[in-house]
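Q: Input: one structure, supplied below.
The values are calculated or read from the model by the stated rules, or taken from the named source; none is laboratory data. Model, not experiment: these values are computed from the prediction. Here the Cβ positions follow ideal geometry from the backbone for every residue, glycine too, while neighbour counts run over all protein chains shown.
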Amino acid sequence: MSCGSVTLAQGPEGQGQSTDFLRGAGSLAEASPLALSGLKLETPCVTWCLRGDPGLLAQGGFQGRKLDLPLSALVNASQQDFELLAFAFEASEEQLRPARLIRVGLVQNRILLPPDAPVSEQVGALHRRIAEIVEVAAQCGVNIVCFQEAWTMPFAFCTREKLPWTEFAESAEDGPTTRLCQKLAKTHNMVVVSPILERDEAHGDVLWNTAVVISNSGAVLGKTRKNHIPRVGDFNEATYYMESTLGHPVFQTPFGRIAVNICYGRHHPLNWLMYSLNGAEIIFNPSATTGELSESLWPIEARNAAIANHCFTCAINRVGVEHFPREFTSGDGKPAHRDFGYFYGSSYVSAPDGRRTPGLSRTRDGLLVAQLDLNLCRQMGDLWNFKMTGRHAMYAEELAKASQPDYRPHIIKE
């Protein structure tokens, strides 16, 4: 490995990694045996600092320094059984601008109760789990935390059934999940991005796939919705909600300008582009996607978007398999089944210079902490000039023509 890895246990994914967490471990090495005595070393590994991943490094992957974390955060993550990774991206030093250092936290998790458990119990269990992880994020100095798509529920949109799944929907402005996130935001001085199934009570009770952005003051800063709705495989989401009408809002926070490109929107380059043109420095991509369909695309799309748009991107996916009470089909020739497939986690952060962190586990709950220097956005813009050379006016004209029903493709033949 090119650098050290500190783990608090050895699990199935920890083979080949160092489990000697006292050697070269900084603050951990200085901890007394008494302070470490409560750790359960038989639990799966919690990684502290930069994990050497030969496959990733061979692809021109993460090149940076380890991000030291408090012992309390490491202990809590181990005791609560979720992975904790931390990395730092650095920018070139400037003479007129100080470094703009902020920390983001990406949370991935599985559902805690089976989908046929009472709705209120499922939501309550997830609320408690996320509050635990956010507490550790606060100990790690996180300024902005983002959860996975529709984090308060199973991703039941594959079933095409309405009840009980629509009962998970709630108000973006004052629903129980938003109230919880307001409390967490204010308590920890942290911006919270909370993707939920929204019940728009002011407009006919219709449903939306929505991300609520809550300021570190605890106020609801605003909301954004999913711009592109999939119609592929078991992604039967159009049975529940349609495309957003809110455009591409960017939210000014004390920790930078952020946007939220929900799930399937990552497959659409113009979606990323519009958030970038509106000034986003960090674009979160909370998702729920499965291995058979998209895992080969996952490491590429958010990373490419970071490069093309001179911004940081944060790709977040849930983990596990969710088994539903009744079988369903999606008209794709597959036999009836009760699960969507395997949600493979692997959440990661990419920088505008093409670097990216290793991903979180494919199988475990996790918190990925990344320290970003937002000066890197403008530095890469000055280097590559994509926003200057992008020829947006030309493409706007050509796309306007291509959108007309009488458009004829410009094909030259012999």
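Q: Which residue pairs have Cβ atoms closer than 6 Å, lie 6 or more positions apart in sequence or on different chains, and pair a first residue in the range 314-343 that is over 30 Å from residue 276 (Cβ atoms) with a second residue that is among the basic types (Lys, Arg) and at pLDDT 95 or above?
A: 320/110
Q: Would you say residue 144 is in contact (Cβ under 8 Å) with a residue 40 or more places away in the chain, assigned by TED's automatic domain parsing to the domain that holds residue 210 and either surrounded by 24 or more Cβ atoms within 10 Å (Cβ to Cβ) or not β-branched (Val, Ile, Thr) (or both)? Don't jump to the end; show me each part of the working.
A: Numbers: in contact (Cβ under 8 Å) with a residue 40 or more places away in the chain: yes; assigned by TED's automatic domain parsing to the domain that holds residue 210: yes; either surrounded by 24 or more Cβ atoms within 10 Å (Cβ to Cβ) or not β-branched (Val, Ile, Thr) (or both): yes.
The answer is yes for residue 144.
Q: Check whether at least one residue in the range 309-328 is modelled with pLDDT under 95, farther than 30 Å from residue 392 by Cα, in contact with a helix residue (DSSP H, G or I) (Cβ under 6 Å, 6 or more places away or on another chain) and not in a helix (DSSP H, G or I), and report yes or no.
A: no
Q: Going by the structure shown, is residue 378 closer than 30 Å to residue 96 by Cα and touching a residue at least 60 places away in the same chain (Cβ under 8 Å)?
A: Details: closer than 30 Å to residue 96 by Cα: yes; touching a residue at least 60 places away in the same chain (Cβ under 8 Å): yes.
Spelling it out, residue 378 is indeed closer than 30 Å to residue 96 by Cα and touching a residue at least 60 places away in the same chain (Cβ under 8 Å).
Q: Tell me whether the range 170-186 contains one or more residues that are over 20 Å from residue 265 (Cβ atoms), touching a Gly at 6+ places or on another chain (Cβ under 8 Å) and either surrounded by 24 or more Cβ atoms within 10 Å (Cβ to Cβ) or not assigned by TED's automatic domain parsing to the domain that holds residue 134 (or both).
A: Going through the range 170-186, the residues over 20 Å from residue 265 (Cβ atoms) turn out to be 170-171, 173-186.
Retained after the next criterion (residues that are touching a Gly at 6+ places or on another chain (Cβ under 8 Å)): 182-183, 185-186.
Checking the rest, the ones that are also either surrounded by 24 or more Cβ atoms within 10 Å (Cβ to Cβ) or not assigned by TED's automatic domain parsing to the domain that holds residue 134 (or both) come to 185.
Yes, the range 170-186 has at least one match.
Q: Show the residue pairs that are 6+ apart or on different chains and have beta-carbon atoms under 7 Å apart, the first residue being within the range 74-98 and closer than 26 Å to residue 377 by Cβ, the second being surrounded by 15 or more Cβ atoms within 10 Å (Cβ to Cβ) and of a type in the set (Lys, Arg).
A: 85/51; 89/355
Q: OK, next. Identify, please: which residue in the range 286-308 is without any contact (Cβ under 8 Å) to a residue 40 or more places away in the chain and not in a loop (DSSP other than H, G, I, E, B) and is, among those, farthest from residue 352 (Cα to Cα)? Spell out the reasoning first.
A: Restricting attention to the range 286-308, the residues satisfying the condition of being without any contact (Cβ under 8 Å) to a residue 40 or more places away in the chain are 294, 296-297, 300-301, 304.
Imposing the further condition that a residue be not in a loop (DSSP other than H, G, I, E, B) reduces the set to 294, 300-301, 304.
Working: 294: 23, 300: 13, 301: 13, 304: 9 Å.
Step by step, filter the range 286-308, then rank; the result is 294.
Q: How many residues, within the range 252-285, are buried (at least 23 other Cβ atoms within 10 Å of the Cβ), without any contact (Cβ under 8 Å) to a residue 60 or more places away in the chain and over 24 Å from residue 396 (Cα atoms)?
A: So the count comes out to 1.
Q: From the list 401, 413, pick out the single residue that is without any contact (Cβ under 8 Å) to a residue 12 or more places away in the chain and either in contact with a Phe, Trp or Tyr (Cβ under 7 Å, 6 or more places away or on another chain) or under 23 Å from residue 65 (Cα atoms) (or both). Please lay out each step first, then the result.
A: Values: 413 fails: either in contact with a Phe, Trp or Tyr (Cβ under 7 Å, 6 or more places away or on another chain) or under 23 Å from residue 65 (Cα atoms) (or both).
Being without any contact (Cβ under 8 Å) to a residue 12 or more places away in the chain and either in contact with a Phe, Trp or Tyr (Cβ under 7 Å, 6 or more places away or on another chain) or under 23 Å from residue 65 (Cα atoms) (or both) holds for just one of 401, 413, which is 401.
Q: Tell me, yes or no, whether the range 236-250 has at least one residue that is aliphatic (A, V, I, L, M) and part of a strand (DSSP E or B).
A: Kept after step one, since they are aliphatic (A, V, I, L, M), are these residues of the range 236-250: 238, 242, 246, 250.
Those still in the list that are part of a strand (DSSP E or B) too: none.
No, every residue in the range 236-250 fails to be aliphatic (A, V, I, L, M) and part of a strand (DSSP E or B).
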